[in-house]
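Structure record follows, encoded as structure tokens.
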Amino acid sequence: MEQRHLGRTGLRVSRIGLGTLTWGRDTDEHDAADLLKTFWEAGGSLVDTADVYGDGEAEYLLGRLMEGLVPRRDLVVSTKAGSVPDPEQRFDGSRGHLLSALDASLTRLGTDYVDVWHVHAFDPFTPLEETLQALDLAVSSGRARYAGVSNFCGWQLAKAATWQLAAPGTRTRLASTQLEYSLLQRGVEREVLPAALDLGVGLLPSSPLGRGVLTGKYRNATPPDSRGGSEHMAPFVEPYLDDTASRIVDAVSTAADGLAVTPLQVALAWVRDRPGVTAPIVGARNAQQLTAALSVEALSLPDEICRALDDVSAPLHRYPDHDWSTL
């Protein structure tokens with residue numbers, strides 16, 4: 001699999017990443033082992049997790065598999081901290097919480113360091129410089145090799161990345177940011193992507209297949225064994241089952257028919273090769289699904305197909321995103 005630099009850093013990662021959101025909950029150890037081995041054998045290296053996935057079980061599972069199945073040195077392990085099970089304050093970006101969470105992640109992962117450590121979301125109640133200091137301490141102590149953020153909007157990302165570049169002292173530049181990005185969700189193009197491109201921050205898109213909808217599996221009905229058919233995941237999928245999404249899925253399917261490939265391959269290739277994208281993070285239920293996603297490696301979409309998909313999925317961005325004189 002082709003490797004790409006993560007943002008403006010020397011770290012190279014596979015241009016498709018493996019997500020572990022369902023590990024320890026819907027994905028047991030046997031299936032997780034099959035997924036990780038399939039990914040590794042295909043040349044994949046970037047594995048993304050978080051301390052809250054499966055209430056810590058995802059990290060624990062990944063740690064066990066690194067110990068006995070796949071060499072730790074062959075993987076680029078990314079994890080996140082900052083989400084908390086508190087309805088009054090969903091995110092805790094305090095230095096104390098973040099560093100304690102990192103230590104707990106390292107214990108579950110059974111490793112001395114993570115390759116990339118992300119703040120899971122912006123905490124409006126903690127000064128941003130305190131949150132960023134946790135990243136500096138994690139890197140300077142060797143517990144993390146690189147640092148990034150997740151779910152930051154445009155101004156939040158720009159402020160954080162600029163602070164790390166301009167503030168006095170030894171600062172850790174932001175290597176990456178994670179946000180949802182697909183043909184069904186192009187909101188990051190409004191401000192996040194321009195900021196990331198300008199500041200040298202690599203984008204790691206989550207849900208690059210539109211929460212599974214872009215595969216076309218929901219065109220006629222909801223498969224009972226799908227996320228949309230799952231009681232706890234159905235609300236996650238439902239927003240992308242409207243008429244607008246249906247038109248985009250139809251266009252993806254038409255493009256796939258014309259190229260003699262699958263809708264999954266078309267949708268994934270589109271987001272993988274967008275400017276500023278380093279590696280979409282793909283979640284799969286089993287090794288068969290993952291193999292289907294990894295088969296996109298050989299596909300590059302023709303320019304005319306990209307333009308057609310751009311047009312049919314274009315979000316409505318007006319003032320001040322466009323030149324005011326054209327409005």
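Overview of values
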read-out	value
Condition broken by Arg285, with the remaining ones in (1) open to solvent by 60 Å² or more (accessible area, probe 1.4 Å); (2) closer than 19 Å to Phe152 by Cα satisfied	(2)
Residue identified as surrounded by 13 or more Cβ atoms within 10 Å (Cβ to Cβ) and in contact (Cβ under 8 Å) with a residue 40 or more places away in the chain among Pro275, Pro263, Pro315	Pro263
Qualifying strands (runs of 3 or more DSSP E) (wholly inside segment 1-104; at least 2 residues being among the β-branched types (Val, Ile, Thr))	76-81
Conditions (1) within 24 Å of Thr162 (Cα to Cα); (2) open to solvent by 50 Å² or more (accessible area, probe 1.4 Å); (3) not basic (Lys, Arg): number failed by Asp123	(2)
Candidate set: segment 239-260, residues that are within 17 Å of Ala308 (Cα to Cα) and open to solvent by less than 40 Å² (accessible area, probe 1.4 Å); chosen: the one modelled with the lowest pLDDT	Ala245
Every residue from segment 88-133 that is acidic (Asp, Glu) and free of Cβ contacts under 8 Å to residues at least 12 places away in the same chain	Glu88
Of all residues making up segment 181-212, the number that are in contact with a His (Cβ under 9 Å, 6 or more places away or on another chain) and closer than 16 Å to Leu6 by Cα	2
Where Asp48 falls short, out of the listed (1) within 23 Å of Leu203 (Cβ to Cβ); (2) open to solvent by 10 Å² or more (accessible area, probe 1.4 Å); (3) touching a residue at least 24 places away in the same chain (Cβ under 8 Å)	(2)
Selection status of Leu98, modelled with pLDDT of 95 or more, on the phi < 0 side of the Ramachandran plot and open to solvent by less than 60 Å² (accessible area, probe 1.4 Å)	yes
Boolean, Glu231 is among the acidic types (Asp, Glu), modelled with pLDDT of 95 or more and open to solvent by 30 Å² or more (accessible area, probe 1.4 Å)	no
In segment 107-129, residue nearest to the chain's Cα centre (by Cα) [restricted to those that are assigned to a helix (DSSP H, G or I) and farther than 17 Å from Asp55 by Cβ]	Leu128
Test for Gly187: is it under 30 Å from Val249 (Cβ atoms) and either out of contact with any strand residue (DSSP E or B) (no Cβ under 9 Å at 6 or more places or on another chain) or surrounded by fewer than 18 Cβ atoms within 10 Å (Cβ to Cβ) (or both)	yes
Residue list for segment 144-169, filter: open to solvent by less than 60 Å² (accessible area, probe 1.4 Å) and hydroxyl-bearing (Ser, Thr, Tyr)	Ser150
Among the candidates Ser176, Ser182, Ser141, residue that is open to solvent by 10 Å² or more (accessible area, probe 1.4 Å) and among the small types (Gly, Ala, Ser)	Ser141
Residue ranges of helices (runs of 4 or more DSSP H) in segment 213-301 with at least 3 members within 23 Å of Thr20 (Cα to Cα) and touching a strand residue (DSSP E or B) at 6+ places or on another chain (Cβ under 9 Å)	263-272, 287-294
Selected residue [free of Cβ contacts under 8 Å to residues at least 40 places away in the same chain and open to solvent by 60 Å² or more (accessible area, probe 1.4 Å)] from Pro85, Pro71	Pro85
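The values are calculated or read from the model by the stated rules, or taken from the named source; none is laboratory data. All of these numbers come straight from a predicted model, not from anything done at the bench. As a convention, Cβ positions derive from the backbone with ideal geometry for all residues, glycine included, and neighbour counts pool all protein chains shown. Protein only, heavy atoms only, side chains kept; ligands, DNA and RNA dropped before computing areas. Shrake-Rupley method; radii C 1.70, N 1.55, O 1.52, S 1.80 Å.
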